[in-house]
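The values are calculated or read from the model by the stated rules, or taken from the named source; none is laboratory data. What you see is a predicted model, and the numbers here were worked out from it, not measured in a lab. We place every Cβ from the backbone using ideal geometry, glycine too, and count neighbours over all the protein chains shown. Note: areas computed on protein heavy atoms with side chains; ligands, DNA, RNA excluded. Shrake-Rupley method; radii C 1.70, N 1.55, O 1.52, S 1.80 Å.
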Amino acid sequence: MRKKIVAGNWKMNLNAEEASNLVNGVCTALENIKLDESIHIVFGPPAPYLPLVKSMIPSILTETALVAAQNCHSEPKGAYTGEVAASMLSDIACDYVILGHSERRKYFKEDNELLNKKVQQALANDLEVIFCCGESLEQRNAGVLFDVVKDQLTAIFDLSEEDFKKVVIAYEPVWAIGTGVTASPEQAQEMHAYIRKLIAEQYSEAIAENTTILYGGSVKPANAVELFANADVDGGLVGGASLKDADFVDIIKAIV
Ligand code: PGA
């Protein structure tokens, strides 16, 4: 059975005190929610707070509540001032790394070739990858949304089966990120089913069935239930609403 995941992408937000309060609030609530082993709750703080967040997760939740970095470098080490290597994330017990987010593609010009290297680094260092893809509004309106996503997925489609099993895909239509506009459940399901079909063609039906595909883009307590109810939507990658413990907890409840 594939994993269900609710992951928070904090982006460049919160300070140490706010991070502590948020993680405390969520973990306290999680102790009272019955989560089975197939569910992962992921906190994605800015890199400096990863050790803090990891250390705050109570031992009873260590199998369930995990942490994600928002980026890693494409090379193992070296003269790359300001960068963080995948091995360093692994060294501080980070579990996941988010790669291919549309903000990184846009502001840092990350393309398929670079992302492929980053994914390889992450997997070589025992990190699981949350790989983001998604079309812009222009691309959707031009009817090329499926081609765009297919092309973005080529960055991970040369992985071995063993490596691919450690990848979670997040479909995040760019027009829905931080805009308050969410894809309709039908739009999300349509793309998720398409992505699963591509995986089946590239790998196998069994691997496709076991791949977790998250939806991201203005997920909120008010729309999480109907989004997560879709057969191919296995949870969410949540930005804004992951910064408030009550909202994040309500979204988690929608996956249980
Ligand atoms: P949002 O961000 O929930 O604020 O739209 C999602 C994301 O960027 O992962």
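Charge tally around residue 223: other residues with Cβ under 14 Å, Lys/Arg +1 each, Asp/Glu -1 each, net -2.
Distance between the 7 Å Cα→Cβ label points at residue 109 and residue 150: 2.8 nm. Under the simplified labelling scheme, the residue 136-residue 24 pair shows an inter-label distance of 4.3 nm, with each label point 7 Å from Cα along Cα→Cβ. Other residues lying with their Cβ under 13 Å from the Cβ of residue 91 contribute a combined charge of 0, Lys and Arg counting +1, Asp and Glu -1. Each Lys and Arg contributes +1 and each Asp and Glu -1, all at the Cβ; summed about the Cα centre of segment 1-153, the dipole is approximately 180 debye.
Cα gyration tensor of segment 21-93, axes a ≥ b ≥ c as square roots of the eigenvalues: rounded (a/c below 1.5), prolate (a/b > b/c) or oblate? Since a/c reaches 1.5 and a/b is larger than b/c, the shape of segment 21-93 is classed as prolate.
Relative protection proxy for 145-152, 77-84, from highest mean packing down: 145-152, 77-84 (other beta-carbon atoms within 10 angstrom). Once you divide the Cα radius of gyration of segment 1-125 by 2.2 N^0.38 Å, the number left is 1.09. When each of the peptides 124-130, 39-45, 22-28 is scored by the mean number of other C-beta atoms lying within 10 Å of its residues, the order from highest to lowest reads 39-45, 124-130, 22-28.
Along its principal axes, the chain has C-alpha extents of 46, 44, 34 angstrom, given from the largest down. Per the Debye formula on identical point scatterers at the alpha carbon atoms of segment 153-256, with no solvent, log10 I(q)/I(0) at q = 0.18 Å⁻¹ is -0.83. Which FRET efficiency, nearest 0.05, do residue 16 and residue 60 yield, Cβ-Cβ r, R0 22 Å? About 0.40, to the nearest 0.05. If the chain linking residue 3 and residue 52 were pulled fully straight, counting 0.36 nm for each residue of separation and taking away their Cα-Cα distance, it would gain 15.1 nm. Here's how it looks for residue 216: its modeled amide H is under 5 Å from those of 171, 172, 237, which are all 5 or more places away or on a different chain.
Taking every alpha-carbon pair under 8 Å whose residues sit at least 6 apart, segment 186-256 reaches a relative contact order of 31 percent. Report, as a whole number in µm² per second, the diffusion coefficient that Stokes-Einstein gives for segment 196-256 at 37 °C and 0.692 mPa s using the Kirkwood radius over alpha carbon pairs. Approximately 266 µm²/s, per Stokes-Einstein. In terms of Cα atoms, the Rg and Dmax of segment 140-207 work out to 13.0, 37 Å.
Annotation: extensible slack from residue 181 through residue 80 equals 32.7 nm (criterion: 0.36 nm per residue apart, minus Cα-Cα distance).
Over segment 60-104, what percent of the accessible surface lies on carbon and sulfur atoms, probe 1.4 Å? Within segment 60-104, the accessible surface is 51 percent carbon and sulfur.
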